[in-house]
Amino acid sequence: MEKQLEDIKAIREMMEKSSKFLSLSGLAGITAGITAIVGASFAYFYLLRYPGATDFNRFQEMIILLADAMLVLIISIGFALYFSWKKAKKKKLKFINKATLSTIYNLGIPLLTGGIFSLILLFRGNVEIIASNTLLFYGLGLVNASKYTFEEIHYLGITEIILGIAAAIFLYHGIIFWTIGFGVCHIVYGAIMYKKYDLK
Amino acid sequence: MANIISNLNKAFDSRIRLGIMSVLMVNDSVDFNTLKELLELTDGNLASHIKALESLEYIQSSKQFIGRKPNTQYAITDEGRRSFQEHLNALEQLIR
């Protein structure tokens, strides 16, 4: 009886370990969330709250907004890689395996598409819809990649999609939904995953 | 009870073979080194268990070259998948 239970446990563990990206750290989510909130606050209080109140012209404002978004993205990815690499070392998992690459690939396609599409919208002057657009593509990317990693990522993706639709309906409050989606949701899901998987 | 126990497959009695089969159930194909790292085994140890599973025709190998290095990929056969599934069902019935 004991042996059979142990056998089933071993089978399940080996199936997960060999086919899923398990090094993804909850701390990556938490830091990404904090970075997003700081970035969104800067954009809101400095540029979006009183349009035209800065000394910059509209094109320069666009560049600042883009630089802000890029900085958030780079810092988030940097922390995500760092914490996941640390977790892989701690749990003696291989950081780069088939599942890691599948996760990155399946998240990457919708993310890159959404990123390019957002740039086009930005330079065409459709700034209002960008918050919704980034949430939607990011959510679709997460759902797409979730079969190669933790199941929570699937629900995070669904949450982002719902927020993206809401941001399109309430077009002029896009930044609020963006902050909830990229800030609050990342922190909440990151904390849940950190408690569930990382502390063990 | 005796009937269920007889459904357990002796070939999967060893934890290592169980591990190899588990990995191959959820991956299309896996190379030797990846298996070795996943199961934390030495070359010789892994090779002997692979040989046993291959002779039962539960897994199959295919050799290819990556550059100049030979690379052996392993995959589960239909027979292997069926046998492992039966073994899993028997395990589950036993702990019920």
Under-5 Å amide H pairs with B:Ile59, H placed in peptide plane, nonlocal only: B:Glu54, B:Thr77
Set of lysines with alpha-carbon distance to A:Lys98 below 16 Å, sequence-local pairs under 8 removed: A:Lys17, A:Lys20, A:Lys147, B:Lys36
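Between A:Leu119 and A:Phe56, what is 0.36 nm times their sequence separation minus the Cα-Cα distance? Round to one decimal in nm.
Taking A:Leu119 through A:Phe56 to full extension adds about 20.7 nm, to one decimal.
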Between 0 and 90°, nearest 10: helix B:43-55 axis offset from chain B longest Cα axis: 60
The range A:98-200 shape via C-alpha gyration tensor axes, a/c threshold 1.5: oblate
The protein assembly as shown: calculated mean residue ellipticity at 222 nm from DSSP helix runs of at least 4, using -39500 (n - 2.57): -22000 deg cm²/dmol
Candidate lysines - alpha carbon under 19 Å from B:Lys10, same-chain residues fewer than 8 apart omitted: A:Lys3, A:Lys9, B:Lys51
For the protein assembly as shown: Kirkwood Rh in Å [reciprocal of mean 1/r, alpha carbons]: 22.0
Euclidean distance of C-alpha centroids, the range A:85-134 and the range A:56-71, integer Å: 21
Long-range amide H partners of A:Thr149 with built H, under 5 Å: A:Phe21
FRET E, pair B:Glu79, A:Tyr155, Förster distance 25 Å, beta-carbon r, rounded to 0.05: 0.10
The range B:2-95 - Debye-derived log10 I(q)/I(0), Cα point model, q = 0.16, 0.18, 0.24 Å⁻¹: -0.65, -0.80, -1.28
Difference of contour (0.36 nm per residue) and Cα-Cα distance, A:Leu112 to A:Ile74: 12.3 nm
Cα-based reach from A:Lys86 at 15 Å (exclusive), listing aspartates and glutamates while leaving out same-chain residues under 8 positions away: A:Asp198
Cα coordinate range in the range A:26-198, projected on the principal axes (Å, largest first): 53, 25, 24
Residues with amide H under 5 Å from that of B:Asp31, placed H, sequence gap 5 or more: B:Tyr74
Label-point gap, in nm, between A:Lys200 and B:Glu86 - each point 7 angstrom along Cα→Cβ: 3.2
From phi via Karplus (6.51, -1.76, 1.60), per-residue ³J(HN,Hα) for the range A:4-9 in Hz, x at Gly/Pro: 4, 4, 4, 4, 5, 4
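Read the figures in this text as sums done on the coordinates, not as results from a lab. Small disclaimer: the values here were computed from a predicted structure and weren't measured. We place every Cβ from the backbone using ideal geometry, glycine too, and count neighbours over all the protein chains shown.
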